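Have a look at the structure below before the remarks.
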Amino acid sequence: MVRNPRPRNNPHKSTKRGSDSQAVLKALTKHTTTSKLILDCHKALQALSKSNRVTLKWIRGHNGNRGNDAADELARQAASLRVAGPEPIIPIPFTEYKTWLHNQTQASHSVLWSKIKECKHTKEAIPVLNPRLTTKLLQLNRPKLRTVVGMITGHCPLNKHLSILGITDSPLCRACMETEETPIHVMLQCNGVAEQRAAHLGSSATLHEALGDLGGLLSFWSELGWLE
Ligand SMILES: [Zn+2]
């Protein structure tokens, strides 16, 4: 309950304002709200308190209080009005906007990713959007993240990519010399590193599966030392 700070011998009139909402009364007395409606109410009460001793009081709802019943009736009438103009006509919490925007962005991103023809290597690693993997990647330090992103995109210091850049003459795998040295070949197929693969990556059949165990993937490359 908020009382006008004027002394008891204040010659001004006394006025009481009631609400059947404990939450509203609490918000009006805390002064920490960000609600524009509550701030407007507070401002109006401050203006009223210049010439009145104002008392806020909780009253029981639907209990025959004339003013409260009139307020309820006005609320009912407002709720039954037909909408004119663009919706929504009542404020929506910011979190609703945020969730809506996030979902829209995710949906658009998914459609774009499914239609895109480029990024062949990355699409093999991440066929559909994977927010859980994103969270895990963002927890890695920079050198580990560089290694994993290199595996996902194929842009890493393995011979296939280095030969495209003109840094090496041969794109062939340094372990087996049979085919191009790519992340997929080394992590999933190369017989030359079968022992290390068995120790760290298990029996992953796809790059997508191998990304399910980032610890194993990183220790595999760390033991090989080919990305140093
Ligand atoms: Zn090989």
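The values are calculated or read from the model by the stated rules, or taken from the named source; none is laboratory data. These figures come from a predicted structure and were not determined experimentally. Using ideal geometry, Cβ is built from the backbone for each residue, glycine included, and neighbour counts are taken over all protein chains shown.
Regarding His155, is this residue out of contact with any Leu (no Cβ under 9 Å at 6 or more places or on another chain), part of a loop (DSSP other than H, G, I, E, B) and surrounded by 10 or more Cβ atoms within 10 Å (Cβ to Cβ)? If you could, list the steps in order and put the result at the bottom.
Numbers: out of contact with any Leu (no Cβ under 9 Å at 6 or more places or on another chain): yes; part of a loop (DSSP other than H, G, I, E, B): yes; surrounded by 10 or more Cβ atoms within 10 Å (Cβ to Cβ): yes.
The answer is yes for His155.
Restricting to the stretch 1-18, name every residue that is touching a strand residue (DSSP E or B) at 6+ places or on another chain (Cβ under 7 Å) and at pLDDT below 55.
Here is the first cut: in the stretch 1-18, the ones touching a strand residue (DSSP E or B) at 6+ places or on another chain (Cβ under 7 Å) are 1-4, 6, 10, 12-18.
Result: Met1, Val2, Arg3, Asn4, Arg6, Asn10.
Counting just the residues of the stretch 29-57 that are in contact with a Leu (Cβ under 9 Å, 6 or more places away or on another chain) and in a helix (DSSP H, G or I), which one comes out nearest to Ser14 (Cα to Cα)? Please lay out each step first, then the result.
Applying the first criterion (in contact with a Leu (Cβ under 9 Å, 6 or more places away or on another chain)) to the stretch 29-57 yields 29, 33, 38, 41-42, 45, 54, 56-57.
In the following step, the residues that additionally are in a helix (DSSP H, G or I) were identified as 29, 38, 41-42, 45.
Values: Thr29: 19, Ile38: 22, Cys41: 18, His42: 17, Leu45: 13 Å.
This residue is Leu45.
Among the listed residues Ser80, Ser21, Ser114, identify the single one that is modelled with pLDDT of 90 or more and out of contact with any strand residue (DSSP E or B) (no Cβ under 7 Å at 6 or more places or on another chain). Break it down into steps so the answer makes sense when it comes.
Numbers: Ser80 fails: modelled with pLDDT of 90 or more; Ser21 fails: modelled with pLDDT of 90 or more.
Of the residues listed, the single one that is modelled with pLDDT of 90 or more and out of contact with any strand residue (DSSP E or B) (no Cβ under 7 Å at 6 or more places or on another chain) is Ser114.
Does the stretch 131-179 hold any residues that are among the hydroxyl-bearing types (Ser, Thr, Tyr) and under 15 Å from Glu228 (Cβ atoms), and which are they?
Thr147
Of the residues that sit in the stretch 134-144 and are in a helix (DSSP H, G or I) and aliphatic (A, V, I, L, M), which one is farthest from the ligand (Cβ to nearest atom)? Can you show your working first?
Going residue by residue through the stretch 134-144, those that are in a helix (DSSP H, G or I) are 134-138, 142-144.
In the following step, the residues that additionally are aliphatic (A, V, I, L, M) were identified as 137-138.
On the way: Leu137: 26, Leu138: 31 Å.
So, considering only residues that are in a helix (DSSP H, G or I) and aliphatic (A, V, I, L, M), the one farthest from the ligand (Cβ to nearest atom) is Leu138.
Out of (1) of a type in the set (A, V, I, L, M, F, W, C); (2) without any contact (Cβ under 8 Å) to a residue 40 or more places away in the chain; (3) surrounded by 10 or more Cβ atoms within 10 Å (Cβ to Cβ), the odd one out for Ile92 is which?
It is condition (3) that Ile92 fails.
Conditions tested, residue by residue: (1) touching a Lys or Arg at 6+ places or on another chain (Cβ under 7 Å); (2) within 15 Å of the ligand (Cβ to nearest atom); (3) assigned to a loop (DSSP other than H, G, I, E, B); (4) of a type in the set (Phe, Trp, Tyr).
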site	(1), (2), (3), (4)
Glu118	no, no, yes, no
Val128	no, no, yes, no
Arg132	no, no, no, no
Arg146	no, no, no, no
Val149	no, no, no, no
Glu195	no, yes, no, no
Ala199	no, no, no, no
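Is one or more of the residues making up the stretch 201-220 more than 28 Å from Val128 (Cβ to Cβ) and within 16 Å of the ligand (Cβ to nearest atom)?
From the stretch 201-220, those more than 28 Å from Val128 (Cβ to Cβ) are none; that's our starting set.
Scanning the stretch 201-220 turns up no residue that is more than 28 Å from Val128 (Cβ to Cβ) and within 16 Å of the ligand (Cβ to nearest atom).
When you scan the stretch 120-129, do you find a residue that is free of Cβ contacts under 8 Å to residues at least 40 places away in the same chain, touching a His at 6+ places or on another chain (Cβ under 8 Å) and closer than 30 Å to Thr105 by Cα, even just one?
Taking every residue of the stretch 120-129 in turn, at least one turns out to be free of Cβ contacts under 8 Å to residues at least 40 places away in the same chain, touching a His at 6+ places or on another chain (Cβ under 8 Å) and closer than 30 Å to Thr105 by Cα.
Examine the stretch 168-185 for a residue that is more than 15 Å from the ligand (Cβ to nearest atom), surrounded by fewer than 14 Cβ atoms within 10 Å (Cβ to Cβ) and without any contact (Cβ under 8 Å) to a residue 60 or more places away in the chain, and state whether such a residue exists.
Yes, some residue in the stretch 168-185 is more than 15 Å from the ligand (Cβ to nearest atom), surrounded by fewer than 14 Cβ atoms within 10 Å (Cβ to Cβ) and without any contact (Cβ under 8 Å) to a residue 60 or more places away in the chain.
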